[in-house]
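Peer 1: Have a look at this one.
The values are calculated or read from the model by the stated rules, or taken from the named source; none is laboratory data. Nothing here was measured: the structure is a model prediction, and the numbers come from that model. Methodologically, a virtual Cβ is constructed for each residue, glycine included, from the backbone with ideal geometry; neighbour enumeration extends over all protein chains shown. Accessible surface is based on the protein model in full, side chains and every heavy atom, while ligands, DNA and RNA are left aside. Shrake-Rupley method; radii C 1.70, N 1.55, O 1.52, S 1.80 Å.
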Amino acid sequence: MCPYTNKKLTLGDGTSIDHKVPKSRGGSLEISNLHWVCTEVNFMKRDMLHEEFLAAVKLIYENHLQS
């Protein structure tokens, strides 16, 4: 399951490995820093930390509700 969308993941079908702490921000290649996610989520997350990405998604969602 994608930790962001709760979609069922099938390896090789729209999935990619995400660094919870991006390499560009000091993250490692250790298994504990990696997880499978939907490819489109990984593209949007870019070099954000997990918490930063969740905050950005929440802000977008809240702004969408207000419009």
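Peer 1: Once you have a ≥ b ≥ c as the square roots of the Cα gyration tensor eigenvalues for the chain, tell me rounded if a/c is under 1.5, and otherwise prolate or oblate according to whether a/b is larger than b/c.
Peer 2: oblate
Peer 1: Using a 1.4 Å probe, what is the accessible area per residue for the chain, in Å²? Can you show the working numbers first?
Peer 2: On the way: 5030 Å² over 67 residues.
I get 75 Å² per residue for the chain.
Peer 1: Pairs of Cα atoms under 8 Å, at least six residues apart: use those to get the relative contact order of the chain, whole percent.
Peer 2: With pairs under 8 Å counted, the relative contact order is 30 percent.
Peer 1: What is the magnitude of the charge dipole of the chain about its Cα centre, with +1 placed on the Cβ of each Lys and Arg, -1 on the Cβ of each Asp and Glu, and no other charges, expressed in debye to the nearest 20?
Peer 2: Dipole magnitude for the chain comes out near 40 debye.
Peer 1: Once neighbouring chains are kept in place and the probe is 1.4 Å, which whole percent of the accessible area of the chain is contributed by carbon and sulfur? Walk me through the intermediate numbers first.
Peer 2: Numbers: 2980 of 5030 Å².
Looking at the chain in its full context, I get 59 percent from C and S.
Peer 1: Skipping prolines and chain starts, which residues have an amide H placed within reach, meaning under 5 Å, of the one on residue 34, given they are 5 or more residues away or on another chain?
Peer 2: 20
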